[in-house]
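Asker: The structure follows.
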Amino acid sequence: MRPVKYRALYLHIPFCRAKCLYCDFDSRALTGCALEEAIDAYCEGLSAQVDAYGNAGELSEVETVYVGGGTPSLLGGRLVGLVDYVRAYCEPVEFTCEANPESFTLDLAQALRAAGVTRISLGVQSLNASELKAIGRIHSAEQAMLAVAQAKAAGFSTSCDVMCGLPGQTLDTFAETLRSLVTLNPDHVSVYPLQLEEGTPLARMEEAGEIEVPDEDFQAQCMDLAAEVLEEAGYERYEVASYAKPGHRCRHNIAYWTGKPYLGLGRSAASMLDVCKGECREARFIACPDVQKGEGLRMRGEPLSPKEENLLSRSDARRGESLSSCPDERNEEGLSAREKGLSAREEGLSAREEGLLSKGKALPPIDANLSMDGLSSVRVSSDVARIRFKQLDDAGGQFETEELSAREATAEDLMLACRMTDGISADLLARAARVIPDDELSFACQQAVEKGLAVWDGGALRPTHLGWLEGNELFGIFWDLAYES
């Protein structure tokens, strides 16, 4: 069988030393021996997955790699080992690892750089002590600033995540964080609003009246302030939540937003590939020993466990969030593409991630006769143009899938393009016109322009400032093209 050729690879590390009060991502808070044992077991399985896909020839054209979480820097030397595993099968032009300031050391930075990592994404969030405490971050502002300096000194392209809309935050304290950060000269900055996710400690505290979280108007003011401060400091806004110095855009996240095939390995990691007429119409998955025995593979119609139900329902919970809550690049893989367009976190995610994932829809049984490369295949029907599959367990034996028609895949591409300053290119519009009736496509573009959400610029349709503030409306206009009128 001809191997799939992925262009982007994501590895999910679901461990943290402590869960932040706002976090609903798939991660476990462990310490001491329990953490070390869990990391060893998980990394062994993740390395086996990398080996299986690499030996099958499916990583040879990977251009970008992103190790996210969770807190990958908690792995220490194990993280360096994972980098070595990956680089045995590909030569990415961009290799990103996430890190939190409290677990990022100069020794780790130098070891990762020597192993071939090119980019570090640091979870700074704020440089105000009371704001960090309010959201349960365990690092200090001083640790964050030191981590940025160490990443720069080690020669990394350095990215920092910053949050707005935090309890107790004001425009002045947010501006102070931004201005202090730019003095450190990171190469990339992501700015995203706090989201109160149901069931998190912060959401419960807000509901009980113990804290007060700024509203969406304040978040919008912060996003505008970030644009002003960062652009004055020489950063270019290339996506609704992302700013970069020249040559430092995050190529991995751009791959998601522009429809390149990507592979996600690890629990809750998502993968996507397009299947074209006349080409291989099979999705390939890791087959671990338990799967061969029929254990751990979800059969069609089998009920979800409470833990899996919670994981799969997150996309529904995020639906309807405003664009100003754009996704954080630190979890882009965990969301489906429609979520990438409609949700407020990419990383997260985005609507980076929601409504296409269908609960209860499972993979057909995997053939028990394993191929020599350790992968098994599932046949894709002829009317499917794009598939996405999400790993539900640690070992790679349970998956959830979604299938898109050519029209749905095209509408998704149009929608995600609206996240970028470049917008919907003339080339994408021409490709869309081959799938979507011209009158419907033209009407959608006209609607976006008449509502002030987008403007024509040299043949491209680019989002306006209002289009980003009213992102759900703009995304909805193009996602509606997924269905016949």
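The values are calculated or read from the model by the stated rules, or taken from the named source; none is laboratory data. If you're wondering where the values come from, they're calculated on a predicted model, not measured in any experiment. Don't worry about glycine lacking a Cβ; one is built from the backbone with ideal geometry, like all the others, and counts go over all protein chains shown. With ligands, DNA and RNA removed, areas are computed over all heavy atoms of the protein, side chains included. Shrake-Rupley method; radii C 1.70, N 1.55, O 1.52, S 1.80 Å.
Asker: Whenever you get a sec, compute what percent of the accessible area on segment 376-434 sits on carbon and sulfur atoms (1.4 Å probe). Don't skip to the end; give the middle numbers.
Answerer: On the way: 890 of 1860 Å².
Carbon and sulfur atoms account for 48 percent of the accessible area of segment 376-434.
Asker: If r is the Cβ-Cβ distance from Asp274 to Val449 and R0 is 22 Å, what FRET efficiency results, to the nearest 0.05? If you can, show how the numbers build up before the last one.
Answerer: On the way: r = 29 Å, r/R0 = 1.31.
Working from the Cβ atoms, E equals 0.15.
Asker: Shifting gears a bit: Place a point 7 Å from the Cα of Asn185 along the Cα-to-Cβ direction; which residues of segment 107-138 have their backbone N under 20 Å from it?
Answerer: Under cut-off, by backbone N: 110, 118-122.
Asker: With the other protein chains left in place, how much accessible area per residue, in square angstrom, belongs to segment 200-264 at a 1.4 angstrom probe?
Answerer: Value for segment 200-264: 45 Å² per residue.
Asker: To continue, here is another question. At a 1.4 Å probe, what is the % contribution of carbon and sulfur to the accessible area of segment 1-132? It would help to have the intermediate numbers written out before the result.
Answerer: Working: 2180 of 4370 Å².
The value for segment 1-132 is 50 percent carbon and sulfur by accessible area.
Asker: Listed highest first by mean packing, meaning other Cβ atoms within 10 Å per residue, what order do 54-62, 394-402, 85-93, 4-12 come in? Provide the component values of the computation, followed by the final result.
Answerer: On the way: 54-62: 18.9, 394-402: 21.4, 85-93: 17.0, 4-12: 23.8.
Top of the packing list down: 4-12, 394-402, 54-62, 85-93.
Asker: Now a separate question. With every protein chain in place, what's the accessible area of Met145 (1.4 Å probe, Å², nearest 10)?
Answerer: Number for this one is 70 Å².
Asker: Excluding Thr177 itself, what net charge comes from residues whose Cβ is under 12 Å from its Cβ, given Lys and Arg +1 and Asp and Glu -1?
Answerer: Values: positive: Arg179; negative: Glu131, Asp161, Asp172, Glu176.
Residues close to Thr177 contribute a combined charge of -3.
Asker: For the ranges 471-481, 441-451, 263-273, 108-118, what's the packing order if you count other beta-carbon atoms within 10 Å of each residue, average per peptide, and put the highest first? Don't skip to the end; give the middle numbers.
Answerer: Details: 471-481: 22.1, 441-451: 16.4, 263-273: 25.2, 108-118: 18.6.
By packing density, highest mean first, the sequence is 263-273, 471-481, 108-118, 441-451.
Asker: Still on this model: For a Förster distance of 25 Å, can you work out the FRET efficiency between the beta-carbons of Ala41 and Glu61, rounded to the nearest 0.05?
Answerer: 0.25
Asker: Before I look further, what does segment 62-189 give for accessible area per residue, probe 1.4 Å, in whole square angstrom?
Answerer: Values: 4080 Å² over 128 residues.
For segment 62-189, the per-residue accessible area is 32 Å².
Asker: Using a Förster distance of 25 Å, how high is the FRET efficiency between Asp107 and Glu142, based on the Cβ-Cβ distance and rounded to 0.05? Intermediate results must be reported in sequence, preceding the final value.
Answerer: On the way: r = 19 Å, r/R0 = 0.75.
The value I calculate is 0.85.
Asker: Further question: Report, in listed order, any pair from Lys152/Lys245; Lys19/Lys133; Lys19/Lys390 with a Cα-Cα distance greater than 19 Å.
Answerer: Violating the 19 Å limit, Cα to Cα: Lys19/Lys390.
Asker: Could you list which residues have their amide H under 5 Å from that of Gln398, counting only those 5 or more apart in sequence or on another chain, with H placed in the peptide plane?
Answerer: Hits under the 5 Å cutoff: Leu392, Asp393.
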